[in-house]
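Report on one structure; see the data block that follows.
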Amino acid sequence: RILCAPDNPVPLIEPALARALLDSARFYHERQQWHARLFLLMPDHLHALLVFPMEARMGEVIRNWKRFHARRHDVRWQENFFDHRLRSEDEQTERYHYILNNPVAKGLCQRPEQWPWVIRDADLLREE
């Protein structure tokens, strides 16, 4: 989970910003900076299930991604991020569904399929 700072001027789901954030997530996926299984925007934070190459430094990759959007789109992020290593397929499946249901739980839509600000691994496979 990556959180915006309390003084972030624009919600992450503002359409132009949301498209830029999701496009850059796809770009990082295509450039093999990470493998995005799921990337979902909320107004003040985002959730992602990401797999990093063995040689990559997760903190550095995320820091660079955040820095780009801070400079380009004036997104103000909180320091660091919350990461959790998923140790089993069951845990990964549970997290995947939890993230997809986050907009429903927050009352932003009625069903996960209605949420427009998300990319799934299946979406990325269709594009390749």
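The values are calculated or read from the model by the stated rules, or taken from the named source; none is laboratory data. The shown structure was predicted, so the numbers you read here are calculated from the model rather than taken from an experiment. Ideal geometry is used to build each Cβ from the backbone, glycine not excepted, and the neighbour counts take in all protein chains shown. Ligands, DNA and RNA are excluded from the accessible area calculation, which covers all protein heavy atoms including side chains. Shrake-Rupley method; radii C 1.70, N 1.55, O 1.52, S 1.80 Å.
Within segment 87-104, is there a residue that is open to solvent by less than 60 Å² (accessible area, probe 1.4 Å), modelled with pLDDT of 95 or more and not hydrophobic (A, V, I, L, M, F, W, C)?
yes
Could you check how many residues of segment 40-81 are touching a Phe, Trp or Tyr at 6+ places or on another chain (Cβ under 7 Å) and not hydrophobic (A, V, I, L, M, F, W, C)?
Residues meeting the conditions: 1.
Filter segment 13-30 for residues that are under 17 Å from L49 (Cβ atoms) and aliphatic (A, V, I, L, M) and give the result.
L21, L22, A25
For segment 34-52, name all the residues that are open to solvent by 40 Å² or more (accessible area, probe 1.4 Å), under 20 Å from Q92 (Cβ atoms) and touching a Leu at 6+ places or on another chain (Cβ under 9 Å).
Filtering segment 34-52 down to residues open to solvent by 40 Å² or more (accessible area, probe 1.4 Å) leaves 35, 37, 43-44, 50-52.
Remaining after also requiring under 20 Å from Q92 (Cβ atoms): 35, 37, 50-52.
Scanning segment 34-52 gives H35, R37, L50.
State all residues of segment 1-42 that are over 11 Å from the mean Cα position of the chain (by Cα), in a loop (DSSP other than H, G, I, E, B) and within 15 Å of H73 (Cα to Cα); if no residue qualifies, say none.
A5, D7, N8, P9, V10, P11, I13, E14
Is there a residue in segment 53-70 that is open to solvent by 20 Å² or more (accessible area, probe 1.4 Å), acidic (D, E) and under 13 Å from I2 (Cα atoms)?
No, segment 53-70 contains no residue that is open to solvent by 20 Å² or more (accessible area, probe 1.4 Å), acidic (D, E) and under 13 Å from I2 (Cα atoms).
Of the residues V61, V10, V51, only one is among the β-branched types (V, I, T) and under 21 Å from G107 (Cβ atoms); which?
Working: V61 fails: under 21 Å from G107 (Cβ atoms); V51 fails: under 21 Å from G107 (Cβ atoms).
Exactly one residue qualifies, and that residue is V10.
Taking the conditions exactly as written (open to solvent by 40 Å² or more (accessible area, probe 1.4 Å), outside any loop (DSSP other than H, G, I, E, B), modelled with pLDDT under 95 and not small (G, A, S)), does E79 satisfy them or not? If you could, list the steps in order and put the result at the bottom.
Details: open to solvent by 40 Å² or more (accessible area, probe 1.4 Å): yes; outside any loop (DSSP other than H, G, I, E, B): no; modelled with pLDDT under 95: yes; not small (G, A, S): yes.
Taking the combined requirement at face value, the residue does not satisfy it.
Being among the charged types (D, E, K, R) and surrounded by 14 or more Cβ atoms within 10 Å (Cβ to Cβ) is the filter; apply it to segment 7-33 and report the residue that is farthest from W117 (Cα to Cα). Full working, then the answer.
So in segment 7-33, the residues among the charged types (D, E, K, R) come out as 7, 14, 19, 23, 26, 30-31.
Next cut, surrounded by 14 or more Cβ atoms within 10 Å (Cβ to Cβ) only: 14, 26.
Values: E14: 10, R26: 13 Å.
This residue is R26.
Of everything in segment 105-124 that's more than 16 Å from A36 (Cα to Cα) and not in a helix (DSSP H, G or I), which residue is most open to solvent (accessible area, probe 1.4 Å)? Quick ask: steps written out before the conclusion?
Taking segment 105-124 first, the residues more than 16 Å from A36 (Cα to Cα) are 105-116.
Now drop any that are not not in a helix (DSSP H, G or I), which leaves 106-111, 115-116.
Details: K106: 131, G107: 63, L108: 75, C109: 22, Q110: 153, R111: 119, W115: 22, P116: 78 Å².
Per the stated criteria, the residue is Q110.
Which of the residues belonging to segment 1-29 are touching a residue at least 40 places away in the same chain (Cβ under 8 Å) and under 25 Å from A56 (Cα atoms)?
R1, I2, L3, C4, A20, L21, L22, S24, A25, R26, H29
Which of the residues that make up segment 43-60 are in a loop (DSSP other than H, G, I, E, B) and out of contact with any strand residue (DSSP E or B) (no Cβ under 7 Å at 6 or more places or on another chain)?
If the condition is that a residue be in a loop (DSSP other than H, G, I, E, B) and out of contact with any strand residue (DSSP E or B) (no Cβ under 7 Å at 6 or more places or on another chain), then P43, F52, P53, M54, E55, A56, R57 are the ones that fit.
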